[in-house]
Amino acid sequence: MRKALRLANHALHTGETPVACIFVYRGNVISYGMNNTNDSLSGITHAEFRGINAILEKVEATDNWSTFYSHPWDIFREIDLYVTVEPCVMCASALKHIGIRTVYFGCGNERFGGNGSVLKINTDDTSPNRYVSYPGIYRREAILLLRDFYTHENIKAPVPRNKKNRELKLDSFPELTWSNYLSKSEFCDFFGKDKEQCYDLNADVQQDIDLSVLDSDNIDISDIEQSAQEPLQLRKRKLCDTA
Amino acid sequence: MVKKGKNKHRIDYIHCTVDDKLLQISNKRTSSELSLVDVWSIKIQPHDSPKVLGLIRDMSNDDPHPLQHVKRLQKLEDGLLTVILCSVDLASREEVVSLLGEKGLGIETIEVRQVPAHCPPTKDMALEWGKLYWPLVWKGNPNDQILNEMVFNFDHIRSDLQLICTNSSKCCEQLPISTVIVDPLTNAVIASSNDERHRHPLDHSVMRCIQLVSEYEQQRRESIDDPSDHHYLCNNYHVYTTHEPCTMCAMALIHSRIARLFYLKQSPKTGALDPESGPGYTIHDHKLLNSKFEVFKWIGDEYQVADLDENVNA
């Protein structure tokens, strides 16, 4: 998630919305995405879509992919997504369509979050591909990146709003209503039984904020780009451990 | 009161149809089918009403069941007022008891009642439901005005529906789903695509069309200098699609700011617009999402398209 936050910080410093994600396959970052709705003149080029497209291109560029999968997108059964902000309803549904394994995100998206804030697309019955989505990973850092962005103006919007009087608040954060996203047992299995109180109190599991994430010198993403450019090493999934 | 009859089309305000061909799809609020919701009520002395109204004001924003159409205070017997506090889904008995306690109100008369979950489409029905269950506030049906002011160009609607039908019938390997996006000011077809998910799992026809609109705009901007002539996303465009779209596509259309969508066939298990489809999201008319668009289903039998497997997300 620290890598995703660094990408988001990079996006912030290049004038895009500070939302970013990485896709991890067998412990390696194989793709990443940042929002690009302004430059692309399309409201749907969210970070997740860019990351998904890059993965499909990579699989198709691998000579032997069809010995492992019947479709290039079958690889998503073994891929986890780390995204700084909860996927929107559209992306939540797209992640379901491709069959993502698990999602981890920073802060919720009260306006159009699709993993529990507004709708809970990830576990609905519209397809058999359901996935668990864990909120609250570096949540405060993700919120601060967004706050920083929204104190600036989006000059591409039809009617830019004047936000000059807004200030970046570092000390107050909204509650995290865990039950919107996870059952208590899902929470305890992942964060540990000792954090159970956070669930009951709607409190962050990480209270301390790592401000270095927001530093203007924390925007070098070359290692992530490098990792995402590596060709895919596909491997057979272990079907059972008895061998 | 709505000045009906100004619209040149035959509008059925109860069933929300236009010329018996278009059915307005919206969330259930104005449905003529009665559904009931459990609410907490108490009896109070009239002089306690300011306290109770304050309490109701504080709670009503969070209530999952909007109760604006319900008369909150009703004089029943003994000079006491019966008050509807909030839905049972908002607060447990214990929570209601403690809130009343804080205001120094008695809790002996607390009980569960049933009230209509939404306002019916006509005044007569509002009176009837009021008599049967609980008095309702009738302020007219805002949807009457909305429908009455809508402009429909049936010639263009028909030709664009015919177009997607023809395109859909040409699908061979693909799923027979087809979409076009139209600028209603010029009636120009800006984008047209069939389903392409055999190549890419997210290339549903709606997503392809949105992508084509952005490519079209990028090209167009190369030849125009005046930024005021730029088009923002799919702002105000109309979308015609053969099958009720899935959640991804419906939300992509919200992000793209379209004005209106027409479809031919419902997707009962996976659709995201009709309140009866799938989980009943009505993405285009959802109070928590940041914008809305209008949706109509063509209910004539002129345009036939192939059925999909019920599990397909169109």
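Please list, by residue number, every one of the trypsin sites (Lys or Arg not before Pro) in the range B:119-186 that is coil in DSSP and has at most 13 other beta-carbon atoms within 10 Å.
Sites meeting the loop and neighbour criteria: B:K139, B:K170.
Do you know which residues of the range B:233-248 lose at least 40 square angstrom of accessible area in the protein assembly compared with their chain on its own, with a 1.4 angstrom probe?
Relative to the lone chain, where solvent access is computed with a 1.4 Å probe, the range B:233-248 loses at least 40 Å² at B:L233, B:T247, B:M248.
With a 1.4 Å probe and all protein chains left in place, how much of the accessible area of the protein assembly as shown comes from carbon and sulfur atoms, in whole percent?
Accessible surface attributable to carbon and sulfur in the protein assembly as shown totals 47 percent.
Once the Cβ-Cβ distance between B:H230 and A:N180 is put in as r, and R0 is 41 Å, what FRET efficiency do you end up with, to the nearest 0.05?
The value I calculate is 0.60.
So what are the radius of gyration and Dmax for the Cα set of the range A:1-134, in Å?
14.3, 43
How many square angstrom of accessible surface are buried between A and B, both sides summed, with a 1.4 Å probe and rounding to 100?
2600 Å²
Across the range B:40-49, in residue order, what do the Karplus-derived ³J(HN,Hα) couplings come to in whole Hz, using 6.51 cos²θ - 1.76 cosθ + 1.60 with θ = phi - 60° and x for Gly and Pro?
Residue by residue, the range B:40-49 yields 8, 10, 9, 9, 9, 6, x, 6, 8, 4 Hz.
Hey, can you grab everything whose amide H is under 5 Å from the amide H of B:A314? Only 5+ residues off in sequence or another chain; H modelled, so Pro and N-termini drop out.
Those lying under 5 Å, H to H, from B:A314 are B:C246.
Separation between the B:D155 and B:K139 pseudo-spin-labels, each 7 Å from Cα along Cα→Cβ, expressed in nm?
4.1 nm
For a Förster distance of 45 Å, can you work out the FRET efficiency between the beta-carbons of B:I299 and A:D74, rounded to the nearest 0.05?
Taking R0 as 45 Å, the efficiency between B:I299 and A:D74 is 0.70.
How far, in degrees from 0 to 90, does helix A:139-150 lean away from the longest principal axis of the Cα atoms of chain A, to the nearest 10?
For A:139-150 against chain A, the angle is about 60 degrees.
Might you report the magnitude of the Cβ-based charge dipole of the range B:154-298 about its Cα centre, with Lys and Arg at +1 and Asp and Glu at -1, to the nearest 20 debye?
Roughly 440 debye for the range B:154-298.
Restrict the search to the range A:34-135; then list the GluC sites (Glu not before Pro) that DSSP places in a loop and that have at most 15 other Cβ atoms within 10 Å of their Cβ.
A:E110
Could you compute the net charge surrounding B:K170? Neighbours are other residues with a C-beta less than 14 Å from the C-beta of B:K170; K and R count +1, D and E count -1.
Net of charged neighbours comes to -3.
Once label points are set 7 Å from the Cα along Cα→Cβ at both B:R57 and B:Q162, what is their separation, rounded to one decimal in nm?
Spacing of the two 7 Å Cα→Cβ label points: 5.9 nm.
Using the Cα centre as the reference, give the magnitude of the dipole from point charges on the C-beta atoms of chain A (Lys, Arg: +1; Asp, Glu: -1; all else neutral), rounded to the nearest 20 debye.
420 debye
Looking at the protein assembly as shown, send over the antiparallel percent of its DSSP beta bridges, to the nearest 5.
75 percent
Please report, to two decimal places, log10 I(q)/I(0) for chain A at q = 0.11, 0.13, 0.14 Å⁻¹ as given by the Debye formula with identical point scatterers on the Cα atoms and no solvent.
Those come out to -0.60, -0.84, -0.97, one per q.
Please compute the average number of Cβ atoms from other chains found within 10 Å of each residue's Cβ in peptide B:200-207.
For peptide B:200-207, the averaged partner shielding equals 5.
Round to the nearest 10 and report in Å² the accessible area of A:W65, as given by a 1.4 Å probe over the protein chains' heavy atoms.
The accessible area comes out at roughly 50 Å².
State the Kirkwood hydrodynamic radius of the range B:1-126 in Å, one decimal place, computed from all pairs of distinct Cα atoms.
Across the range B:1-126, the inverse of the average 1/r is 16.8 Å.
Can you give the angle from 0 to 90° between the axis of helix B:205-222 and the longest principal axis of chain B, with both taken from C-alpha atoms, to the nearest 10?
Here the helix axis deviates by roughly 70 degrees.
GluC sites (Glu not before Pro), restricted to the range B:73-139: which are DSSP loop and have at most 11 other Cβ atoms within 10 Å?
B:E77, B:E108
Calculate for chain B the 222 nm mean residue ellipticity that helices alone would give, adding -39,500 (n - 2.57) per DSSP H run of length 4 or more and normalising by residue count, nearest 500 deg cm²/dmol.
It comes out at -8000 deg cm²/dmol, rounded to the nearest 500.
Taking amide H positions as placed in the peptide plane 1.01 Å from N, state which residues far from A:Y134 in sequence (5 or more) or on other chains have amide H under 5 Å from it.
Those qualifying (amide H under 5 Å, at least 5 residues apart or on another chain) are A:V103, A:Y104, A:F105.
Which three lengths, in whole Å and largest first, does the protein assembly as shown cover when its Cα atoms are put on their principal axes?
Principal extents (largest minus smallest coordinate, Cα): 83, 64, 59 Å.
Report the gain in length on full extension from B:L127 to B:H198: 0.36 nm times residue separation, minus Cα-Cα distance, nm rounded to one decimal.
Using 0.36 nm per residue and subtracting the Cα-Cα distance, I get 20.2 nm.
For A:F190 and A:R2, what is the calculated FRET efficiency with R₀ set at 22 Å and r taken between the beta-carbons, to the nearest 0.05?
Efficiency at R0 = 22 Å is approximately 0.75.
Measuring from label point to label point, each 7 Å out along Cα→Cβ, what is the A:I219 to B:N7 span in nm?
Result: 5.1 nm between the two label points.
Could you give the size of the charge dipole of the range A:1-85 about its Cα centre, using +1 on the Cβ of each K and R and -1 on the Cβ of each D and E, expressed in debye and rounded to the nearest 20?
Around 340 debye, computed over the range A:1-85.
What residues qualify as long-range amide H neighbours of A:S31, i.e. H under 5 Å apart, gap of 5 or more or another chain, H built at 1.01 Å from N?
When sequence neighbours closer than 5 places are left aside, the close amide H contacts are A:F23.
Quick one: which of B:K131/B:K269; B:K6/B:K170; B:K21/B:K287; B:K51/B:K131; B:K265/B:K292 span more than 30 angstrom between C-alpha atoms?
With Cα atoms farther than 30 Å apart: B:K131/B:K269; B:K6/B:K170.
Taking only Cα atoms of the range B:85-238, what ratio of Rg to Rh do you get with Rh as the Kirkwood inverse-distance radius?
Expressed as Rg/Rh, it is 1.23.
List the residues of the range A:53-97 whose accessible area drops by at least 40 Å² when all protein chains are present, compared with their chain alone, using a 1.4 Å probe and counting only protein heavy atoms.
A:W73, A:V89, A:M90, A:H97
The values are calculated or read from the model by the stated rules, or taken from the named source; none is laboratory data. Since this is a predicted model, take the numbers as computed values, not measurements. Every residue, glycine among them, receives a Cβ derived from its backbone with ideal geometry; neighbour counts consider all protein chains shown. We work out accessible area using only protein heavy atoms, side chains counted, and drop any ligands, DNA or RNA first. Shrake-Rupley method; radii C 1.70, N 1.55, O 1.52, S 1.80 Å.
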